[in-house]
Amino acid sequence: MSQISPPRPSRSNLMQRLPWIYAFWKFSRPHTIIGTTLSVFGLYAIAFALNPASLSLPLLPLLTCLCGNVYIVGLNQLEDVAIDRINKPHLPLASGEFSRREAQAIVLTTGLLALGLSAVQGVFLLATVWLSVAIGTAYSLPPFRLKRFPFWASVCIFTVRGAIVNLGLFLHFNQQLGGSFGVPAPVWALTLFVLVFTFAIAIFKDIPDLEGDRLYHITTFTMRLGQKAVFKLALWVITLCYSGMIVAGTLLPNVSALFLIPTHVLALVALWVLSSRVDLREKQSIAQFYQFIWKLFFLEYLVFPAACLLHQG
């Protein structure tokens, strides 16, 4: 091995690279990247709590899932450049930070990596990633382009985030940790919570995008029902999620009720307090509350695994 260290990049070269990295970070839709990361670690923690074994971080499954994530959100941006110039002008394709060819290269590379890496890690991860990629493709690309239809758009989102990711990742990690085949009650509870919660995210996300969606004939629940009705519907759906989990906390085995119930009560109170401050006439106010909903989604993948681990402890 050579003893000569490679020259360190100059400050100017480093600064030239940072804008591309930041653009890639925006292109990957950070809230979805965080959600995917937390779901991988959270489901690994649940599997570990139920089947204690030697602890090792699930880095390769995480990389695989992140590649699939970037493929799905990147493909959506490739198909929605004109709409994003109105609804989300900060995104790299809409703003011109990425050329179409650059975005296509990222989407193709991450898609192939997701499919290839999942194929060598076991049947459950393969099924999780390939099904997610297939649904994500049908969501964005013609001739299906399911995002045009409110019902099917919502089904795509909560099927992947709610059912496929939770059940597939748990089965994968459970198998890796030597657990018996099957899905225990706590995982079903989390899956149902996320499934319904993701429906709320799916219908809420279009509230601030009314202008662009109307111009390009993308039919959404917001266009059909109005912003106020969809806002209230999303709020009550999330309330149902938390109420159900509070009740489930008294019944679930292998879960610390003393931790699970108070945390969900606090989250529910915070939801209603902040919802009362939302001004539906202000796009920024809606967007901030939407980001808060995503934070609640993130929080579940910390709280629920922690309740499982605390019970084992």
*Test: G68 is modelled with pLDDT of 95 or more, at negative phi and among the small types (G, A, S)*: yes
*Checking I207 against (1) over 17 Å from T32 (Cβ atoms); (2) modelled with pLDDT under 95; (3) surrounded by fewer than 22 Cβ atoms within 10 Å (Cβ to Cβ), which single condition isn't satisfied?*
(3)
*V73: closer than 26 Å to W130 by Cβ, of a type in the set (A, V, I, L, M) and either at pLDDT below 95 or in contact with a Cys (Cβ under 9 Å, 6 or more places away or on another chain) (or both), yes or no?*
no
*Quick check, is G136 surrounded by 18 or more Cβ atoms within 10 Å (Cβ to Cβ), within 13 Å of the chain's Cα centre (by Cα) and under 13 Å from I72 (Cα atoms)?*
yes
*On the given criteria, is E97 modelled with pLDDT of 95 or more and more than 20 Å from the chain's Cα centre (by Cα)?*
no
*Return yes when A53 is at pLDDT below 95, closer than 30 Å to E300 by Cα, touching an Asp or Glu at 6+ places or on another chain (Cβ under 6 Å) and among the small types (G, A, S) and no when it is not.*
no
*Quick one: L115 ticks every box in (1) surrounded by fewer than 21 Cβ atoms within 10 Å (Cβ to Cβ); (2) modelled with pLDDT under 95 except a single one, so which number is it?*
(2)
*Quick one: is V273 more than 16 Å from F193 (Cβ to Cβ) and either without any contact (Cβ under 8 Å) to a residue 60 or more places away in the chain or in contact with a helix residue (DSSP H, G or I) (Cβ under 7 Å, 6 or more places away or on another chain) (or both)?*
yes
*Would you check which residues across the range 74-84 are in contact (Cβ under 8 Å) with a residue 60 or more places away in the chain and part of a helix (DSSP H, G or I) and list them?*
L75, N76, L78, E79, A82, I83, D84
*For the range 17-35, enumerate the residues that are crowded, with 20+ Cβ neighbours inside 10 Å and within 14 Å of Y301 (Cα to Cα).*
G35
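The values are calculated or read from the model by the stated rules, or taken from the named source; none is laboratory data. Keep in mind it's a predicted model, so treat the numbers as computed, not measured. Counting neighbours? That spans all protein chains shown, and the Cβs are built from the backbone with ideal geometry, glycine included.
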